[in-house]
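Below: one structure, written as structure tokens.
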Amino acid sequence: MTEIATRAPRVVATAEGRRRRNGGGPRGGVIFAFIVPFLLPFLLFYVVPVCYAIWQSFLVVRRSAGQYGVPYTAFGGFTQYVQVFQNADFWTSVGRVALFGIVQVPVMLFVALVMALLLDTPLLKLKAFFRITAFMPYAVPGVIAAIMWSFLYSPQFSPIVDALKAIGLQPDFLGPSGVLWSTANISTWLWTGYNMLILFSALQAIPQELYEAAKLDGASNWVIAWQIKVPMITPSIILTTVFSIIGTLQLYAEPAVLRQISSNISSTYTPNMLAYAVASGNNYQQAAAISVVIAVITFVLSFAFMRLTSRKAGL
């Protein structure tokens, strides 16, 4: 009995070691089978294109015999990146989307937060109806939404413009100073419901006992909302802000559609539009460099915001 008792742990250990060497046995195969459907598209349609774009950004087009020689690509180091940083249109577009984000993102997230808080209050009736109604704009593709709003902005077709003119106002939604905020309005209309749903889901996860304890202490619904609910969903607020920063630097569809009816939007209006315009001129290496710089700026801003806000929130 003693010999059997001493040998049993060694047998179990040997079997465990054999299972680890075999990749976990049947369980490891099941896990791998679940991962493959995600991993293959992720590698083929995300990792590979990103790596290819980075490689293209280090190439330059040269000619074998002067200006009219046969073109060929060669390794050019950081030549394309130097040209990007020297491109005035690039920095103008970055400054434009930065101004866009500084104004649009806080407004959108504040509206989304207020809507989430209203949906979470027990005083509101027909919550399911209002939740679906607020989320419906997100179901509309961005291009379709921009086309819809372009008719509402057009001086020839818009009932909104006609109504404002009837009361003595002269709106210029597509003018030099108004077109950026018209674009911001489309983005806000599209994404407020999406962010509201994230914040509302976070509110639903808060234990109800906290509210009951606060009410016993005499706290009003206003105090509960802003001193208990909002601090409790700070991680979700940070998450939606990061998503919004990323979306701001990727702004393309809305201004590209409005460009068809407004001369105040150029082909280099946003960084993504600049990259597309450069690629349309067959300068794919320069477009790749612009894309990589945009990605790096997006990563730096998102990471810096997350670190700063998480540290302040004690997360």
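The values are calculated or read from the model by the stated rules, or taken from the named source; none is laboratory data. From a predicted model like this one, the values you see are computed outputs, not experimental measurements. Cβ placement follows ideal geometry from the backbone for every residue including glycine, while neighbour counts extend to all protein chains displayed. In case anyone asks, the SASA skips ligands and DNA or RNA and just uses the protein heavy atoms, side chains included. Shrake-Rupley method; radii C 1.70, N 1.55, O 1.52, S 1.80 Å.
Overview of results
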read-out: Extreme residue, surrounded by the fewest Cβ atoms within 10 Å (Cβ to Cβ), among residues of the stretch 183-210 that are hydroxyl-bearing (Ser, Thr, Tyr) and under 18 Å from Leu113 (Cα atoms); value: Ser201
read-out: Residues located in the stretch 160-174, provided they are part of a loop (DSSP other than H, G, I, E, B), over 21 Å from Ser263 (Cβ atoms) and hydrophobic (A, V, I, L, M, F, W, C); value: Ile167, Leu169
read-out: Checking Val105 against (1) within 26 Å of the chain's Cα centre (by Cα); (2) open to solvent by less than 50 Å² (accessible area, probe 1.4 Å); (3) touching a residue at least 24 places away in the same chain (Cβ under 8 Å); (4) over 30 Å from Pro231 (Cβ atoms), the condition it does not meet; value: (4)
read-out: Evaluation of Ala277 against (1) free of Cβ contacts under 8 Å to residues at least 12 places away in the same chain; (2) touching a Phe, Trp or Tyr at 6+ places or on another chain (Cβ under 7 Å); (3) of a type in the set (A, V, I, L, M, F, W, C) (one fails), failing number; value: (2)
read-out: Test: residue in the stretch 221-231 that is farther than 18 Å from Leu251 by Cα and modelled with pLDDT under 85; value: yes
read-out: Subset of the stretch 128-145 [open to solvent by 60 Å² or more (accessible area, probe 1.4 Å) and either acidic (Asp, Glu) or not in a loop (DSSP other than H, G, I, E, B) (or both)]; value: Phe129, Phe130, Arg131, Ile132, Thr133, Phe135, Met136, Tyr138, Ala139, Val143, Ile144
read-out: Some residue of the stretch 251-274 being among the hydroxyl-bearing types (Ser, Thr, Tyr) and in a helix (DSSP H, G or I); value: no
read-out: Flag for Phe110 being aromatic (Phe, Trp, Tyr), within 29 Å of Asn283 (Cβ to Cβ), at pLDDT 90 or above and part of a helix (DSSP H, G or I); value: no
read-out: Criterion violated by Thr121 - all others in (1) of a type outside the set (D, E, K, R); (2) surrounded by 12 or more Cβ atoms within 10 Å (Cβ to Cβ); (3) under 29 Å from Thr234 (Cα atoms); (4) under 26 Å from the mean Cα position of the chain (by Cα) satisfied; value: (4)
